[in-house]
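Student: Quick one: this structure, given as structure tokens, is what I'll be asking you about.
The values are calculated or read from the model by the stated rules, or taken from the named source; none is laboratory data. Owing to the predicted nature of the structure, the values given are computational and were not obtained by experimental measurement. We place every Cβ from the backbone using ideal geometry, glycine too, and count neighbours over all the protein chains shown.
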Amino acid sequence: MGSVGIIGTGSYLPEKVLTNADLEKMVDTNNEWIVSRTGIRERRIASDDQASSDLATEAGRQALRSAGIRAEDVDLIIVATVTPDMAFPATACLVQDQLGAKKAATFDLSAACTGFLYGIASASQFIQNGIYRYALVIGVDCLSKITDFTDRNTCILFGDGAGAAVLGPVEDGKGFRSFELGGDGSGGHLLKQPAGGSRIPATTESVQQHLHYISMNGREVFKFAVRVLGVSAEEALKKAGMTKEDIDFLIPHQANDRIIEAAVQRLGLSRDKVVVNLDRYGNMSSASIPVALDEAVRTGRIKKEDTLVLVGFGGGMTWGASVMKW
Ligand code: ACO
């Protein structure tokens, strides 16, 4: 088996825009605070009748179109999400049905904002091993559905969206060069949705206590993110036999511009090599990286032969990076 890489990308963002000015009317915050502390100006919000599978299907359809393959040709669908339509069936099954990808194996993957990186690392193994030829990996989250819009510590950060990539065989010398994945469950309490699972099943009390919303220790998550982002990018580069000088574009998870800046400083990159869209979309969890990738590809910013480093962190805690030749 030769090289494996991304052969098509797609994304979908809901139409509704929630600006910082809108949030000023909802909680005690202001545009200046949000922009200076996070870099976020607005985010997209799914409508009441839109669930993660709907966003994921649109992004997946676009990715298939850009890869030039039919839904029937997809062997595997992995959906990375922490906001599935429901606990089961898996969102990947719902997407498979909506796309008509009849022969595809399907499963969901839970690694919070690092989900897309875990997804491409997993899917690429099936192709590398010759088990499958084409895989569709989708990062999707509708965090607005589990956000407490009375909590100013969290509600300013998140947005909804979906990004997708079709993985398949590519010419030698292109495609994935390395993956670096990690986890540290001891930090799990720093970022979680406490209720709705088997630990705290849904009850009237759990709803009243806001336990179905995102709970986050922002300051600790921030410190963790600054620590792991640069290090995991460096580890992935080392595994690929490359150095910082080889990077054409860094596509980081879009959580906070100050976190991205810390990674950029550590890697000694100029800002024009960094793909950033969090000003327009906020933190879309597992969708952040694939949406940023898709936009950079579609606008022609990323060109053939470019070396990309994708890097992210998220709840779990988890982190991951991948080096690829476009
Ligand atoms: N508007 C105005 N003031 C606010 C707001 C707000 N929206 N939110 C908090 N404040 C106040 C706080 O109450 C605090 O006031 P105090 O000093 O009187 O107590 C003050 O601002 C400073 O609060 P900090 O938490 O220290 O602010 P910080 O500079 O750390 O920024 C932030 C907070 C933006 C949340 C930052 O910590 C961060 O980005 N953390 C990482 C979060 C993250 O990336 N989460 C997603 C992870 S990925 C995933 O898996 C989903």
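Student: Among the residues in the stretch 14-23, are any in a strand (DSSP E or B) and more than 16 Å from the ligand (Cβ to nearest atom)?
Tutor: yes
Student: Here is a follow-up. Does the stretch 88-117 hold any residues that are over 27 Å from A236 (Cβ atoms), hydrophobic (A, V, I, L, M, F, W, C), in contact (Cβ under 8 Å) with a residue 24 or more places away in the chain and assigned to a loop (DSSP other than H, G, I, E, B), and which are they?
Tutor: A101, A104
Student: Could you list all residues from the stretch 24-65 that are in a helix (DSSP H, G or I), polar (S, T, N, Q) and within 30 Å of F88 (Cβ to Cβ)?
Tutor: Within the stretch 24-65, S52, S53, T57, Q62 meet the criteria.
Student: Further, regarding this structure: If you scan the stretch 1-31, which residues turn out to be surrounded by 15 or more Cβ atoms within 10 Å (Cβ to Cβ), out of contact with any Asp or Glu (no Cβ under 9 Å at 6 or more places or on another chain) and among the hydrophobic types (A, V, I, L, M, F, W, C)?
Tutor: V4, I6, I7, L23
Student: Shifting gears a bit: With the requirement that a residue be within 16 Å of the ligand (Cβ to nearest atom), closer than 13 Å to A162 by Cβ and among the hydroxyl-bearing types (S, T, Y), what does the stretch 26-72 give you?
Tutor: S52
Student: For the stretch 202-302, which helices (runs of 4 or more DSSP H) that fit wholly inside it have 1 or more residues that are closer than 29 Å to H189 by Cβ, at pLDDT 95 or above and more than 17 Å from the chain's Cα centre (by Cα)?
Tutor: In the stretch 202-302, 204-208, 218-239, 257-267 are the helices (runs of 4 or more DSSP H) which contain 1 or more residues that are closer than 29 Å to H189 by Cβ, at pLDDT 95 or above and more than 17 Å from the chain's Cα centre (by Cα).
Student: Just checking, which of R298, R266 is surrounded by fewer than 24 Cβ atoms within 10 Å (Cβ to Cβ), under 16 Å from A63 (Cβ atoms) and basic (K, R)?
Tutor: Values: R266 fails: under 16 Å from A63 (Cβ atoms).
The conditions single out R298.
Student: More than 30 Å from G218 (Cα to Cα) and basic (K, R) - does that describe any residue in the stretch 103-113?
Tutor: yes
Student: Only one of R280, R258, R271 is within 24 Å of C155 (Cβ to Cβ) and either touching a helix residue (DSSP H, G or I) at 6+ places or on another chain (Cβ under 8 Å) or within 16 Å of the ligand (Cβ to nearest atom) (or both); which? Explain how you work it out, then say what you get.
Tutor: On the way: R280 fails: either touching a helix residue (DSSP H, G or I) at 6+ places or on another chain (Cβ under 8 Å) or within 16 Å of the ligand (Cβ to nearest atom) (or both); R271 fails: within 24 Å of C155 (Cβ to Cβ).
Among R280, R258, R271, only R258 is within 24 Å of C155 (Cβ to Cβ) and either touching a helix residue (DSSP H, G or I) at 6+ places or on another chain (Cβ under 8 Å) or within 16 Å of the ligand (Cβ to nearest atom) (or both).
Student: Could you check V137 against (1) surrounded by fewer than 22 Cβ atoms within 10 Å (Cβ to Cβ); (2) closer than 22 Å to F107 by Cβ and say which number it fails?
Tutor: Answer for V137: the failing condition is (1).
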